[in-house]
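Please read the structure below before turning to the comments.
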Amino acid sequence: MILAQRLADAAGEAIRPFFRSRFERETKPDASPVTEADRASEAAMRAILARERPQDGIIGEEYGREREDAERVWVLDPIDGTRAFVAGRPLFGTLIALVEADRPVLGVIDQPIARDRWIGAAGRPTILNGRPAQVRSCSRIGAAHIATTSPAAFPAGDLACFERASAAAGDTLWGGDCHNYGLVASGHLDAVIESGLKLYDFAALIPVVEGAGGRMTDWQGRPLDARSPGQVIAAGDERLIEQVAALLNG
């Protein structure tokens, strides 16, 4: 946990000088943006791991995979929510996960501008800025405040599934990227529904949400691991999982 926080510190130091400043921006083949800040952040984290954990594996969004069959693998998303970052919105975050036997056992969601940091670890309560985070009780989808990042983020066919859940929910918020999952852990949102995620998009979120008393599954209600396809439900109250999954699956 100490090392994960040092990684988050290094990532934040790399990111902050670029926020709301002029910087180089490129577009990846999948049409998502990448910036100098993404690369600087991941490079800073990788440099620490190369020095201190050279035997561990790394899966990173910007610089790929190293030793991914290692006993311990660090999964890094230097800026989750690059579009928000480019637009000057402080709703992006750095995601850091430690995966053992395909299961995330440690996760950090770090928002380096607001300096909000959620830390979750297997068998430990989730901490936000040094204090315990706790989900809130909400047993009915009709009373739930749910969120997702963007309708454009859903692969073909999945948006219609989400719209069924949205129509049944008490309220739907758009935007937020990884920050939404921290808000579930802290009891401000009840659920997040997304699809098309990669491992580096969701691995860090699982220990954070579940350590605060929530639950994360795929759209069929199965536990998430490194082999999951990227259809994700995060709920503060696990009684919502079955209701949301039923709506998503028609």
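Points worth noting:
- Residues Arg124 and Asp9, FRET efficiency given R0 of 22 Å [Cβ-Cβ distance, rounded to 0.05]: 0.65
- Listed values for the range 5-14 are Karplus-derived 3J(HN,Hα) couplings in whole Hz (6.51 cos²θ - 1.76 cosθ + 1.60, θ = phi - 60°), namely 5, 5, 4, 5, 4, 5, 5, x, 5, 6, and x replaces Gly and Pro.
- C-alpha long axis of helix 239-248 to longest principal axis of the chain, angle in °: 80
- Extension gain, Leu173-Ser21: 0.36 nm per intervening residue step, less the Cα-Cα distance, totals 52.0 nm.
- A cut-off under 13 angstrom between Cβ atoms defines the neighbours of Arg215, and their net charge, with Lys, Arg +1 and Asp, Glu -1, is -4.
- Heavy-atom accessible surface of the range 151-234: percent carbon and sulfur, 1.4 Å: 53
- Dipole magnitude for the chain: computed about the Cα centre from +1 point charges on Lys and Arg Cβ and -1 point charges on Asp and Glu Cβ, it is near 560 debye.
- Surface accessible to a 1.4 Å probe, per residue, for the residues of the chain, Å²: 44
- Nearest-ten-degree value, helix 158-168 long axis tilted from longest Cα axis of the chain: 50
- Candidates Gly182, Gly88, Gly213: whichever shows maximal mean-square fluctuation once the chain is modelled as a Gaussian network with Cα springs under 10 Å: Gly88
- For the range 109-125 and the range 192-250, distance of Cα centres in Å: 18
- The accessible-area ordering, largest first, of the residues Met1, Met216 stands as Met1, Met216, per a 1.4 angstrom probe.
- Taking every protein chain into account, the 1.4 Å probe leaves Glu238 with about 110 Å² of accessible area, to the nearest ten.
- Our estimate of slack between Ile2 and Ala101, defined as 0.36 nm per intervening residue step minus the Cα-Cα distance, is 33.5 nm.
The values are calculated or read from the model by the stated rules, or taken from the named source; none is laboratory data. In this text the structure is predicted, and so the values were computed from the model without any measurement. Note that each Cβ is placed from the backbone with ideal geometry, even for glycine, and that neighbours are counted across all protein chains shown. What goes into the accessible areas is simple: the full protein's heavy atoms, side chains included, and nothing from ligands, DNA or RNA. Shrake-Rupley method; radii C 1.70, N 1.55, O 1.52, S 1.80 Å.
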